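Some notes on the structure that comes next.
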Amino acid sequence: MLACTLGTSRPLPKPQRAAERLQELSRSTFATWASEFGAHYTQLVVAHHLAAEQPPARSVEAARADAHLQSRYESLVPQLPALFSSVRSKLAQLDATVALLCSRSPLDADADEEWVDVGRDDVDDVEPPTVPAASSAPGTDAAEKAAVRDAVQDSMAEMRRDAMLLDDAIALLTRVQSGAARGEVLRDAIGLKSAISTALKTARALLSGGDTKGDDQPQPAPAVVAPVRHAVPRVADAAHHHIAVLQTARGNGPSHATAPKARQSRGNVKRPPSVRDRIVKKLVRRMM
Amino acid sequence: MSEDVAQTIIELTPPKHGEDLDPELLGLLKAALRPGSAETTHAATAAVVSRLRFADSRTRLRALLLCNWLFLRSRGVRELLVPLLPVRVSRVLRLALHADSSD
């Protein structure tokens, strides 16, 4: 009887609220029986003491849910480092692409200027170009920006998927009762989720701001982007590298004066290849 | 009569929320148990214990309320229910009594 009403040997059945109330009522009932009939039935006194010492029982449903959560947690934990590193890499890629999109870099301006200077010195010796320079073509700059914008949108879509995965992981980590290094993992997950939100806001602000401006005029970086660029110096280097790659792809490579700078930049920065490749591929497709 | 008592007890302990027992059905049960037939008391106790083992805490809760109601009113039910307490309780009790008597 104690097992049926207190859950001494096995968990009480669902629902949980009724199970808790059953246990509470069982204690009070045994107390009443012990006080009323304890003199005649001494087992009731012992049963009352056993009932009072019984810890709160969990229902079968709650115990099963806990076991399910624990198994999900144990299967999730080995996957988290890969997810975190993937998210970090994508964040870096998005930052680099956003930095590339937000304005024409000083390096790009230098490159155009020096290209003009070189051309002016050799103007009599060089054949007139059969294909107009890409920088002077009105549609080329727009195509470049459109390609970069597409890359940003692709990265944003990937980040949204990662954010959903992180949401699931955070929900699971907050519900699970115990686990090795749970707090640290949870902190990392929340930090990455917050970073994704910030990056997505930045990219969204940039994309919406970029649509209203003309393509020919240099676009000043939005106020929300500026702190990001200053906080992550490698982003600017990566942006310079992207510009150099783009110029190479459209057959208008960087000048000799700027090439060492780009190489130096390449040497210092670990750049995400996938975004660059995507941009170059899209740009080449548009150019053809 | 025994089947009627068992049926009444089943109707008194549906798997529903709430802790109110139908007074009309309780009146029927009281009337059935009043003659003090051992068979009826056995049937009532067995039915209550069976409902206490039902796989729903709401039914168990109502069965415990009914069990308390019967326990407080019927000596025959008390005599049948007390031995159903876990064996280890009796064992602990016997050990305690033995220790007391040896002192």
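Pairs A:145/A:201; A:14/B:30; A:90/A:145; A:90/A:201: which exceed 22 Å Cα-Cα?
Numbers: A:145/A:201 19 Å; A:14/B:30 30 Å; A:90/A:145 20 Å; A:90/A:201 15 Å.
Check vs 22 Å cut-off fails for A:14/B:30.
The listed peptides B:45-56, A:189-200, A:69-80, ordered by packing as a protection proxy, come out as B:45-56, A:189-200, A:69-80 (highest mean of other Cβ atoms within 10 Å first).
Across peptide B:17-23, the average count of Cβ atoms from other chains found within 10 Å of a residue's Cβ is 1.
Shielding of peptide A:28-34 by partners, expressed as the average count of other chain Cβ atoms within 10 Å per residue Cβ, is 3.
Sort A:90-98, B:64-72 for me by packing, meaning the mean count of neighbouring Cβ atoms within 10 Å per residue, highest on top. Could the numbers behind the result be given before it?
Details: A:90-98: 24.3, B:64-72: 21.0.
Averaged packing, sorted descending, gives the order A:90-98, B:64-72.
In peptide A:148-159, how many Cβ atoms from other protein chains are near each Cβ within 10 Å, on average?
Working: counts 0, 0, 0, 0, 0, 0, 0, 0, 0, 0, 0, 0.
So the per-residue partner count for this stretch is 0.
Read the figures in this text as sums done on the coordinates, not as results from a lab. Computed from a predicted structure; not experimentally measured. Heads up, the Cβs are rebuilt from the backbone with ideal geometry, glycines too, and the neighbour counts pull from every protein chain shown.
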